[in-house]
Structures are given as structure tokens and as C-alpha cells.
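Asker: Got a structure here, written out as C-alpha cells. Questions coming.
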Amino acid sequence: MPNPFISKKEYSISYALVWVLIIGTHLAVLYFYSQQPLLESVIDAVVFNILFAGLGLSVWYAVRYYDSSQSAPLDVFLYHFGTAAIALSCWLGIGYFLISISMPGFEKYKEFLDNSMIWRGISGLLIYSVIVLIYYLYIHSEDLKLRVEKEAKLKLQVREGEIERLKNQINPHFLFNSLNSVSSLTMSKPDAAREMLVKLSDFLRYSLEFKENELTLLSSELDHIEHYLGIEKVRFGDRLLFSIQIHSDCKSCRVPNMILQPLIENAIKHGVYESIEPVEIRADIRFEDESLVISIKNTFDPEAAPRKGKGIGLQNVSNRMSLIYQADNLVHVKKGFDDFEVVLYIPQTSN
Amino acid sequence: MTLKLFYTSLKHPISMNYSVIIIDDEQPARDIIRSYLSRHVDFELIAECSNGFEGLKLIHEHKPDLIFLDIQMPKITGFEMLELLDHFPAIIFSTAFDEYAIKAFDMSAVDYLLKPYSQIRFDQAVKRALSKLTEQSIDREQMSKLVETKYLDSEKLNRIVVKTGFKIKVIPIDQIEYFEADDDYVIVYTPEGRFLKQQTMKYLVANLDSKEFIRVHRSFIVSINQIVQIEPYEKDSKVLMLKNGKKIKVSKSGLKSLKEALGL
């Protein structure tokens, strides 16, 4: 982030105007109140204040490149106080020197100047503090703006993903192939056909009830993907192997609605659809550091040419996670030679 | 069923049995075709399999009259399998994908069954196959030419399937350096060697991603990533230098589309 007083036109103009005003006030005080001659007053006001205006610009770097969020308030105060002390000493020293060489009849003015140094120091410290505060305000408002923008963008992405997901959740390919399997089973195994229709109905009902920001019990999510896998198992038979490992205390954890189905879908799409050999999908669910850790791992045929459209479902899961938990880095992806793993870290607060 | 067939053949001594192969990766889907087909005495199921590789082998071995073909299958799709056939049976597609319909008909498939379908709908398809097969007018030569059709706009080729001897090789599109025309064939050049495929340049131009592949000459389509530099060659003409050291002639119109693609 560049210094707004340099990079932004309206900020630079205001900054210059304020300094013109300060120079005017300074001049008025010297001339009318302290009864100094006009020329001396002008030189004094211009030299000291223009120097300070320059100093004020460089204070930006002291604020911007010191990470105050990582330090204790006292440290922040001491840091700025120290910086101010050094900056103000330099300012007074250089100002004094410049006046001494530029002012005709400096000898007469010297006494007044010497006596006023303490007041210059105090007013300088005040102005310095105001500048630091303005910089902090600016940085915070910019950060806030950025965060709001980022959130809006994420929301938009999630909405777009939502449309995609709606299309996928009643994924016509899945649905019609499943119905075809049911149709086939009605001839050979009517009981299995009925069972599959029940699973398909449960699956669709859960999908249709889905609400964007709701959390649900892990156990309902697991039931849902078991229905889903049960249906796919009828289609693919031995080509699909599924196993799940879960610690019993995890089942009452809360997770975002419909967060697992896209991952299982991916595993089936890139694993089972593309392989002649059996593909193994493993879910591993455990509790770790206040987080529910869900790993979904599938094997795939390394020789299969990659399918297009890879990553949209995953991107959407990741977007939803960062929107719901206001944190990045909750979704990890590991791709091995012949396996693929997605790990979700779902924060569990005590309530 | 054998008894029934026997009985039927007694009843219709001159009726001919057409051989059928089912290619579908899902067992229940094959079951239903088999079951529907059992009512048709003119057809005899001789084999079934669950992917395009096996399908190719079976078709080569048995030269069936009719195949039922799914499209989305592991390894190679139903369409890719058709591209590699030497023998062309009558084809009935059986798939859940509606989006392939246009393409299937362009390929002069006999019919196109959308899963799930009824016995009545199935019977219609088989009836159409029967009339096509009995017409004797089934021109296999012509069929092989019809295999080339335009993919849907949203779907660019992301791999090329070739046959080397009896083996099938799936080449991801990003491994291809360039294509060279050779009569009715194209030669596909990859770091692993060159492969022959029965396909036209026109088809490739229509279906390759035009941001990745440029037709620089009547006989050449080059992957943009492979180009190292464009050099002058004789007067008024240029050659391309590729990463593998090969040089490729560029025609005038080729140079124009190349410049457009590179934003020059």
C-alpha cells in the first residue's frame, strides 16, 4: 500500500492545504503575538513547516512497515515514541541550522528561537501524533475495504458454484444412470430395486433440503454420502470400494451442509469413471486440535488422461469453507502418483 | 433361450440371425439390454464387455452386425472406440447423456437410446437396425467416413486415441508436438514417437483448441507451446523452429493465423 498523501491526488491536495494553513498560523503567531519582524517570521514559518511536511510523509514508512498487530500496545507506543523523538530532534536540529545560515540578522533572532525550542518540540509531537493516527486510520479503512471486497467476491463465487452445484446435485448423468439401474433391477431383483429407489429418494430429499449457510450433524452428512455410495455401488459393483474410519466422538460434530458429497463425487468421477480396476475411496475422520479433520482419499488410474472440469467442485467447497469459518487454509489437497486426497479442517468451537 | 431360438429357426427357416455385442461399463445396464434383446429372435447376443478396449478386441474378433454402445466409459469413450474400428457394425447408442445426441446421429448411428428406456422404445431401435441390416445397403466405407463429426462447442479434444499394432494408446493433447497430413491419415508427433491415425486435418482444426493448436500449413497443425522461433526461409516464406529441433513450413495464411494467435 503506497502512501496516500503521495499516491492519491485528493489526499495530496488536502495535505498541502493543511500545511499552508499551519504555515499561515505559525506566521501569524510569530508576527502578531510574538512581535517578530515580518521577514524573520516568514523564514521561520516556512523552513520549519516545510521540513515537517516532508518528515510527515516519511512517517508513513514507520507506520506501514511496523506490524503493530503482532506487538503489545506498550511496545507499539514505545516504538512510535522512540521514532518520534529521533525524528523531531532531527527536525529541530536541521531547522535551526537552516535558519542560522539563511536568515540575515540571525543574531537578534537567536535568543527568541532558543527560548521557543521547547514549544516547537511539544507542538511538533502533537502534529506527529496526529499524522501517525491518520495513517493508522487510513490503513485500517483500506484493510476493511479489502476484506469486504474479498468477502463479496467469495460470496459471488459461492453463488456461482451454487448454480453449478444445483445442476450437479440433480446431476442428470448420475440420476438417469441410477434410474436405468433400478429399471434393470426390477426384472432380476425387485427387492434390490425397491431398496435402491428408497436410497435414491433419501439422497434427493437431503439434496433438495440443502441450505447454503446451515451447519448439520456429521452423522447426517455421513448418512447422505452412504446413500450416494450405495447407489453408485449398484452401478459399478466391485469397481467401487468404500471404507470409512471414524472416531465415535466425532459423530456429533457440526459440519457445513452438503460439504462431503462434492468430494465423494470427485473421487468417483476421477477414480471410478476412468478406471477398469477397482478404485478405493477411504474416508478418515478424526478430531485434532479443536478441529474435525476429514480426509477423503481415492485411488485413480494414473494412465487415464485427465478429465476436464477438474477443480470446480473442489474450489466451491474451499470457498464455502472460508466463507463460513472466515479462515483460509481449511482445505488441503494432496495428489500422489495414483491417489488423490482432500483434507478438510472444520473448526469446532465449544458451543 | 437356445430352445426358443431353435424353435424359431424351425418356424422361420430362412430368417437370419444377426450377431450382437453389448459394450457398457455398468452391469445393470448390460442386463437390461440383454433382457430386452431376448425377445428379438433375429438377433443373437454373442458377447458383452465393459470398456472400449475390450470392445475393440471383440468387434475385431467377431465382426458383429450390431453393437449397443455406451459413451462414457473408462479408458476410452464410445466415440473414441469407434474412431479406431476397421469393421463397422450398425450402432445403437445407449447412454444417459443427452448432449451427445447430435453427434451420435451425425455418425449415422441407427438409433440413440436415452437411459432409462422402455422395451417399446428399445424394440423401435432394434426394428430400425433390422431394416438397415436387411437393406443390404449398409455402406461400410461410407460409415467409416461419417465417424468424424464435430464435437460440441464446449468440448475441445483433450486427448487423441491411436492404435499401434494391437495396442491402444491414449495421448493427452498436451503431449502432442504437431500433426502432419498424410492422405486420409494424420501423423501424430509426440516425444515418444509418431502415430498414424485415420482422421482429417479439417476435423482436427474444428475440434482442437484454437488457442493451443494452429494450422500453419495445409499439411501441418502445430502446438503453440512447441514453437521456439519463426525463421525466414527462401524469399517470402518462413519456417518454424520447434523445441525438438524440427523445422516446419509455414504458408502465407498459416503465418497470418499464427501471428493472430501469438498476438503479433
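Asker: In degrees between 0 and 90, to the nearest 10, how far off the longest principal axis of chain A does helix A:73-102 point, with axes built from Cα atoms?
Answerer: Helix A:73-102 sits at roughly 30 degrees to that axis.
Asker: Rounded to whole Å, give me the distance from the Cα center of the stretch B:42-103 to that of the stretch A:94-124.
Answerer: 97 Å
Asker: Using the Cα centre of chain A as the reference point, and only Cβ charges (+1 on K/R, -1 on D/E), how large is the resulting charge dipole? Debye, rounded to the nearest 20.
Answerer: Approximately 740 debye in magnitude.
Asker: Could you list B:Val216, A:Val46 in order of exposure, starting from the residue whose Cβ has the fewest other Cβ atoms within 10 Å?
Answerer: Least to most surrounded, the residues fall as A:Val46, B:Val216.
Asker: Between the stretch A:244-273 and the stretch A:3-60, what is the separation of their alpha carbon centroids in Å?
Answerer: Using only Cα atoms, the two centres lie 65 Å from each other.
Asker: Here is a further query. Roughly what angle does helix A:38-64 make with the longest principal axis of chain A, taking Cα atoms, 0 to 90 degrees, to the nearest 10?
Answerer: Its long axis makes an angle of about 20 degrees.
Asker: Here's another thing I want to ask about it. Please report the antiparallel percentage of the DSSP beta bridges confined to the protein assembly as shown, to the nearest 5.
Answerer: Roughly 70 percent of the DSSP beta bridges within the protein assembly as shown come out antiparallel.
Asker: Using a 10 Å cut-off around each Cβ, can you sort B:Glu212, A:Glu290 from fewest to most neighbouring Cβ atoms?
Answerer: Fewest to most other Cβ atoms nearby, the residues stand as A:Glu290, B:Glu212.
Asker: Let me ask you something else. I'd like to know which of A:Leu222, B:His217, A:Gln326 lies farthest towards the positive end of the charge dipole of the protein assembly as shown, counting +1 on Cβ of Lys and Arg and -1 on Cβ of Asp and Glu.
Answerer: B:His217
Asker: Residue-wise, which Karplus ³J(HN,Hα) couplings in Hz belong to the stretch A:269-285, taking 6.51 cos²θ - 1.76 cosθ + 1.60, θ = phi - 60°, and x for glycine or proline?
Answerer: 5, 8, x, 5, 4, 9, 10, 8, 6, x, 10, 9, 10, 10, 10, 10, 10
Asker: For peptide A:171-182, how many partner chain Cβ atoms fall within 10 Å of a residue's Cβ, on average?
Answerer: 5
Asker: Could you work out the helix-only [θ] at 222 nm for the protein assembly as shown, with each DSSP H run of four or more residues adding -39,500 (n - 2.57) and the total divided by the number of residues, to the nearest 500 deg cm²/dmol?
Answerer: The helix-only estimate for the protein assembly as shown comes to -16500 deg cm²/dmol at 222 nm.
Asker: Taking the number of other C-beta atoms within 10 Å as the exposure measure, put B:Lys115, B:Lys127 in order starting with the fewest.
Answerer: Fewest-to-most ranking of B:Lys115, B:Lys127: B:Lys127, B:Lys115.
Asker: Another question, if that's okay. Using only the Cα atoms of chain A, build the gyration tensor, take square roots of its eigenvalues as a ≥ b ≥ c, and label the shape rounded, prolate or oblate: rounded if a/c is under 1.5, else prolate if a/b is larger than b/c, else oblate.
Answerer: Cα axes put chain A in the prolate bin.
Asker: Using Cα atoms only, what is the angle between the long axis of helix A:172-188 and the major principal axis of chain A, expressed in degrees (0 to 90) to the nearest 10?
Answerer: The angle comes out at about 20 degrees.
Asker: Here is a follow-up. If contacts are Cα pairs under 8 angstrom and at least 6 residues apart, what is the relative contact order of the stretch A:4-155 in percent?
Answerer: 24 percent
Asker: Please give the Cα centre distance for the stretch B:172-234 versus the stretch B:235-256, rounded to the nearest Å.
Answerer: What the calculation gives is 12 Å, centre to centre.
Laboratory data are not the source of any read-out in this text; all were calculated from the coordinates shown. Note that the structure is a prediction, hence the values are computed from the model and not measured. Please note: Cβ atoms are built from the backbone with ideal geometry, for glycine as well, and neighbour counts cover all protein chains shown.
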